[in-house]
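Here's the structure we're looking at; comments come further down.
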Amino acid sequence: MKVMVTAGGTIEKIDSVRSIINIATGRLGSLVADAFCALPDIEEIYYLCNRAAVLPKSSEKINVVYTDSVASLENSIAEILNRVSVDIIVHSMAVSDYRVKAVTSMANIKRELKEELGFRNAEANLSSDSPAITPPLTPSKISSDIDDLALIMEKTPKVIAMFQKRTPSSVLVGFKLLNSVSLETLIDAGFRVLQENRCSFTLANDLKDINEDKHIGYLIDNNKDYKKYETKSEIAAAIVSATIEKLRVER
């Protein structure tokens, strides 16, 4: 059997020295990969992560593939699935919902709005020396002299949606993270991820329940039944056990 685990977070560049990155560490994903690695039936594990993510302790069977942006993650997934049949996919990576489309300044935005609305002769005192920065993103460093830098963001594709299109027979685990919500809201949101992306399971968790010593997570199945786990190690073991059992039942 072959397994794919995505872990950590994505990185979206602003310019050659600045990026937007989330707080995901990849620690849970690394534990999942290690737990799979311990099983004799597992032949190979593709571990997709950024270079700052926690790596599995095991080296045997694990093929680390470094990605950074959402686009590079998509390309890496497509390249692997084009040549390999993957039995289980655990998509724990915190994929950015937005990426930088362009950068500019607030002065330029105000100026363009006034021109668009026909107020070219308005008395607003807008500086004419604020440099316009427009797409494509400049590969060089943006000047630090700009006082009111503005980022124009666009939504990224939902990476999880590509798995069932490319490999519908794989057992897929999705993840859903919310912050300070009721258990009912969390389970409902996790179950929606499962239904919308045809996952076999979803791991729903709340940011308020995650720290270095604790990680409460709820593993939801396609009947909306769920089990609660209280550490990353427990969650990793549960994901491995549930997906292996699901695969054996279906095949």
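The values are calculated or read from the model by the stated rules, or taken from the named source; none is laboratory data. Everything numeric here is computed off the predicted structure, so don't read it as measured data. Cβ sites come from the backbone with ideal geometry, for glycine too, and all protein chains shown count toward neighbours. Areas reflect the complete protein model, heavy atoms only, side chains present, ligands, DNA and RNA absent. Shrake-Rupley method; radii C 1.70, N 1.55, O 1.52, S 1.80 Å.
Key figures for this structure:
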| read-out | value |
| --- | --- |
| Environment charge of K165, counting only residues whose C-beta is closer than 14 Å and scoring Lys/Arg +1, Asp/Glu -1 | +1 |
| Heavy-atom accessible area per residue - the stretch 155-251, 1.4 Å, Å² | 53 Å² |
| Share of carbon and sulfur in the accessible heavy-atom surface of the stretch 1-63 [1.4 Å probe, %] | 54 percent |
| Most to least accessible of K246, K110 (protein chains only, probe 1.4 Å) | K110, K246 |
| Order of exposure, largest accessible area first, which applies to D147, D97 with probe 1.4 Å | D147, D97 |
| Per-bin percent of Cα-Cα distances, the chain [5 Å] | 1, 6, 12, 15, 16, 13, 10, 7, 6, 5, 4, 2, 1, 0, 0 |
| Fraction in percent of alpha-carbon pairs per bin - 10 Å, the stretch 1-61 | 23, 44, 22, 9, 1 |
| Shape of the stretch 188-251, Cα gyration tensor, a/c cut at 1.5 | oblate |
| Inter-part distance where the stretch 139-199 and the stretch 1-58 are each reduced to a Cα centre, Å | 16 Å |
| Residues of type lysines that K214 reaches as a straight line, Cα spacing below 22 Å, ignoring anything fewer than 8 places off in the same chain | K57, K176, K227, K228, K232 |
